[in-house]
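Asker: Here it is, the structure, as structure tokens.
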Amino acid sequence: MSTFGALVNGKIVATDKKHPVINPSTEEVIADFYVANEEALNIAVKAANIAQSQWCNTDYDTRKKLLLEIAEIVSNNKNELAKLLTMEQGKPFVEAVGEIDMSIAALHHYSEQRLDSESLVETDNLKVEKHYTPYGVVAGIIPWNFPFAIAISKLAPALITGNSVILKPAPTTPLSTMRLGALIAQIVPPGLVQILGDDGSVGEKLVSHPDVHKISFTGSTPTGKKVMRSAASHLKRLNLELGGNDPAIVLADADVAVSAATIATIAFLNSGQVCTAIKRVYVHNDVYDEFCDTVVGVVNQFVQGDGLDPASTHGPVQNLSQYEKLVSLLTDAKQSGRVLLGGEVPNQNGYFISPTVIADLDDSSPLVSEEQFGPILPILRFDDEDEVIQRANSSAYGLTASIWSSDIELARQIARQIDAGTVWINKHLDLNFDYPMSPCKESGIGVELGDEGLKQFAQLHVVNG
Ligand code: NAD
């Protein structure tokens, strides 16, 4: 069994503590890794500050070159990284390859980004200019649903804007990210990118370390609140990309066949473990039964199994605690809802829950009101547009939403009234590196992607005189 080391100050290092990684498809331990202890963390933070003091003086061409070299290494090792990703996360191998491809595309995208200074006033005796100065050391804290892509989505903007970065993967999915550390150790200046293994004891220490300057956190809302408290002691700059309970609203005039098939596909992507996936569907009474039948027809085709089996279209849930939460939500929902498909917890190894479609639940059911983050989709009825807007907005979350209708103007009007950072029309999960995403309410703080997202990695600095 392999033991994965942390990347600290340019070297792959061992520590006094190891932690196992379990394959969620088999429940077998597949590898372990060294957990960053206090000493490793302190060395990493010191090295990150030294590296950053030099990196911030490099020009954009130097930074671009490094991102493209990392992209090339990732590309040359795509199969190995994707296999590790499938084994630790559970997703089908083709989706793991897709995640690595998306990461390569992100590295290419950010390699072209610039935060140039801007002039506000320029006269003979006055210049007022905006400059974007790197914060220093960025801590990137990563969840377990897209561990590789989210790691890169922090590394790339941090480096191009002149920061150094310390990545901390989730305890259950560190392998592909730690392997990346070993692959890039020789080409990255020591301390500029570091990757720390964590058994659950490292995140809080990293966030509260006085010499870490900016926190880029992706994870659940409850943990995001803890991170905000830890960051408060030094008033650190903070991005929180948190949970969602994203509604889709299907109006009576929607193309039912297309909307149902698309929504079914997207809601169950990565076995429902996508922050911006559709988590509850509101369907107009006039088309409710037809919509449900089509969703069931699509979901019934899914083949659940080990992600390394080419026949599998859907993998397990990533970890035991998420599995237990879903079993509890499912047990509760079966009491009051109508199970249209699935509803079983297969008696086999692995954290598998059958893809499940449930109709006619009340909005107060925990499966509807909470973020399920798994392969169980509630479909709810509505009659009136004002009523459905109010129901969609009745959540503490506000990440994304979608409106499905053949009347685009009406859909746009409804979209403007939904509390979500992004609302799609007749589509969902249309992500684009150039389109900013800014969560509402308890789904987070700050912006990712677009110019606004890049600016979150730099201090705005005005020189006036
Ligand atoms: P989590 O909150 O349990 O963990 C996220 C990360 O935070 C992990 O690396 C974890 O080790 C670390 N962590 C835990 N306690 C910490 C602390 N006190 N201080 C600092 N770090 C700490 O989330 P998860 O279960 O790994 O991921 C699933 C959640 O992430 C879901 O709620 C999902 O919606 C959300 N998510 C959001 C986005 C987004 O862009 N909005 C993207 C992906 C996932």
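Asker: Under a straight-distance cross-link criterion of Cα-Cα below 20 Å, which aspartates and glutamates are reachable from LYS65, leaving out those fewer than 8 residues away in the same chain?
Answerer: ASP101, GLU112, ASP116
Asker: Could you tell me the distance between the Cα centroids of the range 67-109 and the range 258-321, to the nearest Å?
Answerer: Between the Cα centres of the range 67-109 and the range 258-321 lies a distance of 24 Å.
Asker: Let me ask something else. Give LYS168/LYS325; LYS214/LYS325; LYS226/LYS427; LYS46/LYS236 a once-over and call out the pairs whose C-alpha atoms are over 28 Å from each other.
Answerer: Exceeds cut-off: LYS214/LYS325; LYS226/LYS427.
Asker: Excluding ligands, DNA and RNA, what is the solvent-accessible area per residue of the chain at a probe of 1.4 Å, expressed in Å²?
Answerer: On a per-residue basis, 40 Å².
Asker: If you don't mind, another one. List the residues, sorted by chain then number, that are 5 or more residues from ILE403 or on another chain and whose placed amide H is less than 5 Å from its amide H.
Answerer: ILE249, TRP424, ILE425, ASN426, LYS427
Asker: Using only helices, what value at 222 nm comes out for the chain when you add -39,500 (n - 2.57) per DSSP H run of length 4 or more and divide by the total residues, to the nearest 500 deg cm²/dmol?
Answerer: Rounded to the nearest 500, the figure is -11500 deg cm²/dmol.
Asker: In sequence order, what are the phi-derived ³J(HN,Hα) couplings for the range 19-36 according to the Karplus relation 6.51 cos²θ - 1.76 cosθ + 1.60 with θ = phi - 60°, rounded to whole Hz, with x for glycine and proline?
Answerer: After applying 6.51 cos²θ - 1.76 cosθ + 1.60, I find 9, x, 10, 9, 7, x, 7, 10, 6, 8, 6, 9, 5, 9, 8, 7, 8, 5 Hz.
Asker: Would you pull out the residues with amide H under 5 Å of CYS440's amide H, same chain only if 5 or more places away, H placed 1.01 Å from N?
Answerer: GLY398, LEU399, GLY421
Asker: Still on this structure, I have one more. Give, as a single signed number, the net charge of other residues whose beta carbon lies under 13 Å from the beta carbon of VAL447, with Lys and Arg counted +1 and Asp and Glu -1.
Answerer: Taking every other residue near VAL447 into account, the sum is -3.
Asker: Ok, one more. Helix 78-89 versus the longest principal axis of the chain: what is the Cα-based angle in degrees, 0 to 90, to the nearest 10?
Answerer: For 78-89 against the chain, the angle is about 60 degrees.
Asker: In debye to the nearest 20, how big a dipole does the range 64-130 give about its Cα centre with +1 on each Lys and Arg Cβ and -1 on each Asp and Glu Cβ?
Answerer: Rounded to the nearest 20 debye, it is 200 debye.
Asker: Could you look at the range 246-432 and say what percent of its accessible area is carbon and sulfur, using a 1.4 Å probe and all protein chains?
Answerer: 46
Asker: Further, regarding this structure: What does the net charge come to around ASP61 if you take all other residues with beta carbon closer than 13 Å to its beta carbon, with K and R at +1 and D and E at -1?
Answerer: After counting each charged neighbour, the total is +1.
Asker: Per residue of the range 414-428, what does 6.51 cos²θ - 1.76 cosθ + 1.60 with θ = phi - 60° give for ³J(HN,Hα)? Whole Hz please, x for Gly and Pro, Karplus curve as stated.
Answerer: 5, 4, 5, 9, 8, 7, 7, x, 9, 10, 8, 10, 6, 6, 7
Asker: Taking H as built 1.01 Å from N, whose amide H comes closer than 5 Å to the amide H of LEU340, not counting residues under 5 places away?
Answerer: VAL357, ILE358, ALA359
Asker: With the cut-off at 28 Å, report for the chain the share of all Cα pairs above it, as a whole percent.
Answerer: Percent of Cα pairs beyond 28 Å in the chain: 52.
The values are calculated or read from the model by the stated rules, or taken from the named source; none is laboratory data. As the structure is a computational prediction, the values presented were derived from the model and not from experiment. Don't worry about glycine lacking a Cβ; one is built from the backbone with ideal geometry, like all the others, and counts go over all protein chains shown. Accessible surface areas use protein heavy atoms only, side chains included; no ligands, DNA or RNA. Shrake-Rupley method; radii C 1.70, N 1.55, O 1.52, S 1.80 Å.
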